[in-house]
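Right, one structure below, let's go through it.
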Amino acid sequence: MNPVFHRIHPLTIVIELPRALRQLFVVILIVGVQIFQRGSTDSETQVELYLSLLGLAVVIPALLRYFSYGYAIHQGNLLIKSGIITKNLRTIPLDRIQNINFKRTLLHRLLGLVDVQIETAAGGAAEAAISALTDEQAHVLRAQLTGERPRSYSPVLEARDKKIVYKPTIWEILLVGASENRALTILAAIFGLLALPPFQQTFFNAIDRDTIRTAARVPAQQQNWMLWGGLMLAFFAIGWVVSIVSTFVKYFDFEITEKDGKIKRAYGLFNHFENTVPLRRIQTVHVSQNFVQRWLNISKMYVATAGGFGGEKRNEEVQIQTAPLLTPVLRESERDRMMRLTLPKYDLSAPEWREVSKSTFWRHLRSGFLPSVAISLISVYWLKWGAAGVFVGLMALAAFSGYIYWRTARWAQVSGVLATRVGWLKRQWNFLPGDKIQAVTISQTPTQRVFKLATVTCSSAAATFQSTEIDDLPVDEAVRVATEFHEVSARGRDSLLDGF
Amino acid sequence: MPGRALETETWEMLEPQVKTLWRVENLISTLIIALMVGVPEFLITRRLDNWRVPPLAITGGLLVLSLGIGQWIVGRTYHLYRFRLGEDDLAVAKGVFWRSWRFVSRNRIQHVDISAGPIARALGLVNVSLFVGGMPTAAVSIPGLTEARGEQLRATLIKDTPKQALDEPIAPMVAPSDSGPQLPDLPPSPIAGTAWQPPGLEGLAEIPPASPANDTPPQEPR
């Protein structure tokens, strides 16, 4: 029996338009300039010609893609064929699918369409991106891929069946936005924008002509620090507002639902995103909390699978969130429940946190010694005796980091899970179940050898947060921990085979 | 098992010829570096009037340093590079200054590579690399084995891998293989003629059903 290939939705052409326009940005710019420069009446036909050529350049690739693309489910495999000149047929065994994402931009939502992304363990990017299907086609496809009994999709039934396991309030989402600052991101964005050809010229001309000349004329006394301080403050205030607004827009109506051992996250005000992950595919759970969030009693939770988790599409310009965020905001009181949900086989309620070796302080000091000597020797050239101060400062920094590491780093072995906690201003927890471990490594730097310390690294198949490591354990302890987790991993069956 | 501390004296060593391989490799890479640094140095310093250092001094220094350290470290590396094939795992210890001991369970192995460069081939050596899930590069690699030992190692590492996985029940697959999907078809595409076969793909489309648990690539006859 030959597979029956299905086509994507014809309106995909409309969805491809903005992308095609973005790709042809430079061409459009040139054509636009040409049209403006001519300006006279006799060029009207020419303008029309340009525009129609442009239209063809945009529409033809989309049409070709529409006519060449097809997908089918055949004998337990998902088949995807594409290409006109170079034909390509991709076969994905259904039991190797790691997670499935639904993505809707505003345009998708207006047209009632969905982009379906299917990920396997092969890498960070989506292995199959079926763009675009109708809501119903997408839901039936997902049901077939995940082994549910496929029925025709109805939003009403879907709403009745769903079991919400976590849903932060709008207030909490605003709060998490407020606990972060995007000032640096904005800075990067501004510089990125300035690097674009049309802006570049104007920007550097402006700098040449005016800014530098003005700055040179202003006496040094007037460039006072209050101005700069105010600017910085304003900048951070803007970063703060942007962070709040973007978090709100992005995670609006966030909810996690659970069904048949699969969790589904759905969120977004304009661009809607839906992601389905089988619980058994979860390799590592990661929780992070900065100092503001610690004070507010909230944290962020990530779960990593061997596939990406809404990673970017390969060969396409569209890039979306790559961090495997499970929930942007998690109330402290809910954390235990979410840990039980994501790692159901393990009891993580009362981990017995242990410290790393006290020698880690001396190890940090010793590790910092040679670099400090080198830097202060170089600075002798400018600072003469001041270099001694540089040396003392650097050593103090090393001592401080050693003390902080010893105070904050904790690890625990709890029901076969390796748990670690590190970080001072930003605290991060990692939970790696023993049967998800792929390899165990003990390593020693020359300095660690002096103090009889070692690092234990447990690697999983997760695409992000791949390894969980404990720095500076006493060697005996390191060997014991490594042995125990290695035994767990040798006993268990490869969890990469656990499917939907 | 990692137990018994990190004593690797009893573990298996590489073939001594691997030292020759590493020495030759060090020589070649040193020469390449010398060329890459030496040519620009010669061209630049020739034009500098107040350059009082003897010609090609930097290159010479680098050459001596790279050769000296490189050739000295070969012996240490050889002495410390050990591996041990256990009941259900493989352990590899290596490193002179930064040392590491890595343990890989046999049931985690995705595939095993045997490779040999021209120099290694001349010496009759092969390199065995082990890959596990989630690591794009080899989790563990053992250079400097005789061809026979490499082959034997690969055979033992791969032999039992799928058996254990097959013994345990696997989550049921969506479509039981040959009976064809009993699932109702997707709703028809809005454009007529959905059962459409591309002209060039007839042969390609007949794909054997996925075998559920056989993760190991078929062993190629050598």
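How large is ³J(HN,Hα) for each residue in segment A:10-16, as worked out from phi by the Karplus curve 6.51 cos²θ - 1.76 cosθ + 1.60 (θ = phi - 60°), to whole Hz, x for Gly and Pro?
3J(HN,Hα) across segment A:10-16, in whole Hz: x, 5, 3, 4, 5, 5, 5.
Taking loop as defined by DSSP and a crowding limit of 10 other beta carbons within 10 Å, which trypsin sites (Lys or Arg not before Pro) in segment B:31-118 fit?
B:R52
Divide, for segment A:360-406, the radius of gyration over alpha carbons by 2.2 N^0.38 Å, where N is the residue count.
1.18
For A:F252 and A:I30, what does the FRET efficiency come to when R0 = 56 Å and r is the distance between their Cβ atoms, rounded to the nearest 0.05?
Result of the calculation: an efficiency of 0.90.
When a footprinting reagent is the concern and you count Cβ atoms within 10 Å, what order do A:Y50, A:Y71 take, fewest first?
A:Y50, A:Y71
Taking every pair of alpha-carbon atoms in segment B:83-169, what share in percent sits in each 5 Å bin, from 0 to the bin with the longest distance?
Spelled out bin by bin, segment B:83-169 gives 3, 13, 23, 23, 19, 12, 4, 2, 1, 0 percent.
Using the Kirkwood formula on the Cα atoms of segment B:43-102, what hydrodynamic radius do you get, in angstrom to one decimal?
Hydrodynamic radius (Kirkwood, Cα only) of segment B:43-102 equals 15.1 Å.
For segment A:75-125, taking Cα atoms only, what is the radius of gyration to one decimal and the Dmax to the nearest whole Å?
13.6, 35
What's the exposure ranking of A:D135, A:D435, going from fewest to most Cβ atoms within 10 Å?
Starting with the residue having the fewest Cβ neighbours, the order is A:D135, A:D435.
Could you please rank A:R340, A:R7, A:R331, placing first whichever residue has the fewest other Cβ atoms within 10 Å of its Cβ?
Ranking A:R340, A:R7, A:R331 by Cβ neighbours within 10 Å, fewest first, gives A:R340, A:R331, A:R7.
With each label point set 7 Å from Cα along the Cα-Cβ vector, what nm distance links A:A399 and A:L227?
4.2
Tell me which residues come under 5 Å, amide H to amide H, from A:G76 once H is placed; ignore anything under 5 positions away on its chain.
Here B:A175 satisfy the definition.
Could you compute the FRET efficiency for A:S349 and B:Q71, with r as their C-beta to C-beta distance and R0 at 35 Å, rounded to 0.05?
0.05
If r is the Cβ-Cβ distance from A:L49 to A:I238 and R0 is 51 Å, what FRET efficiency results, to the nearest 0.05?
Efficiency for this residue pair is about 0.70.
Could you check how many percent of all C-alpha pairs in segment B:13-80 are farther apart than 14 Å?
63
If the reach is capped at under 20 angstrom between alpha carbons, list the lysines near A:K250, excluding any in the same chain fewer than eight residues apart.
Those lysines meeting the cut-off are A:K103, A:K167, A:K264, A:K300, A:K313.
Bear in mind these aren't lab numbers, they're just calculated from the coordinates by the rules spelled out. These figures come from a predicted structure and were not determined experimentally. Here the Cβ is made from the backbone with ideal geometry for all residues, glycine too, and neighbour counts use every protein chain on show.
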